[in-house]
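The values are calculated or read from the model by the stated rules, or taken from the named source; none is laboratory data. Not measured: the values here are computed from a predicted model. Neighbour counts run over all protein chains shown; Cβ positions are idealised from the backbone, glycine included. These accessible areas exclude ligands, DNA and RNA; they are computed on the full protein's heavy atoms, side chains included. Shrake-Rupley method; radii C 1.70, N 1.55, O 1.52, S 1.80 Å.
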Amino acid sequence: MILNEHVSHNILKEFNCPLFVIEHSKAVMLKAIRLKTDFDLEVDLDLVKTGAILHDVGRSKTNRIDHAIVGAELVENKGFPQEVVNIVEKHIGAGITKEEATILGLPPKDYMPLTLEEKLVAHSDNLIHGTQEVDLDFVIKKWKKNLGENHPSLPKIIKLHSEITGVPVLITEV
C-alpha cells in the first residue's frame, strides 16, 4: 500500500475496532497535526496521519500492552509500508527498551520510536486521554500513579516532550 494520502478512520471499522478506539485515534491524529503545525515539525504529514489513525488498531484484538505488536502485525498483513508498521509497534508511551520488553513479557526487541513521525504519534497518544487533550503534567501524574514515582518511563516521556516541542522540561518541575 502506497501512502500518497492518509488513510481514513473508516479503515478501523474494517479491523472491527470498537468505537472508543476509533474516536481516540481521530483525536490522536488531530493532536499530531496540531503539534506538527505549532512546532513547525518537518515530518511526512500523510505518514503521521496514517500512523495516528492506525496506532491502536491492535485494540481490535486485545487491550493489553501487546496491542502495539498485534496492531503492527495487522497493518503489515494488510500491506502497509514498514514506516506505518513501525509507528504502530513503537507508539507505547515514549517507547519500550529491549530490557523493559523482556520484563513486560513482550518479544525481546527495542520498541523505541526513532523517527520524528514515530515520536510525534507516540507523544500525541500520550497527550490524549480517551478523546480529551491533556497536558504533560496530567500525563506524568497518571504514569506516576499507575507505574510508580520512579518508573524509568517518566524521564523518557519528558525527553520525548522536549524533543517534540523544543521546550526543555526539568524533572523537578513535574
query = Is it the case that some residue within segment 73-81 is crowded, with 22+ Cβ neighbours inside 10 Å, assigned to a loop (DSSP other than H, G, I, E, B) and touching a residue at least 40 places away in the same chain (Cβ under 8 Å)?
reply = yes
Residues (touching a residue at least 40 places away in the same chain (Cβ under 8 Å), buried (at least 17 other Cβ atoms within 10 Å of the Cβ) and in a helix (DSSP H, G or I)) located in segment 38-68 = Leu47, Val48, Lys49, Thr50, Gly51, Ala52, Ile53, Leu54, Val57, Arg59, Ser60, Ala68
inquiry  = What's the number of the only condition in (1) open to solvent by 40 Å² or more (accessible area, probe 1.4 Å); (2) in contact (Cβ under 8 Å) with a residue 40 or more places away in the chain; (3) under 18 Å from Thr115 (Cβ atoms) that Phe20 fails to meet?
reply    = (3)
query = Assuming Ile33 fulfils every condition listed in (1) crowded, with 18+ Cβ neighbours inside 10 Å; (2) in contact with a Lys or Arg (Cβ under 8 Å, 6 or more places away or on another chain); (3) among the hydrophobic types (A, V, I, L, M, F, W, C) apart from one, which condition is it?
reply = (1)
remark   = Only one of (1) surrounded by fewer than 20 Cβ atoms within 10 Å (Cβ to Cβ); (2) part of a helix (DSSP H, G or I) does not apply to Leu106, and that is (2)
key: Within segment 118-155, considering residues that are charged (D, E, K, R) and closer than 19 Å to His55 by Cα, the one least open to solvent (accessible area, probe 1.4 Å)   = Glu118
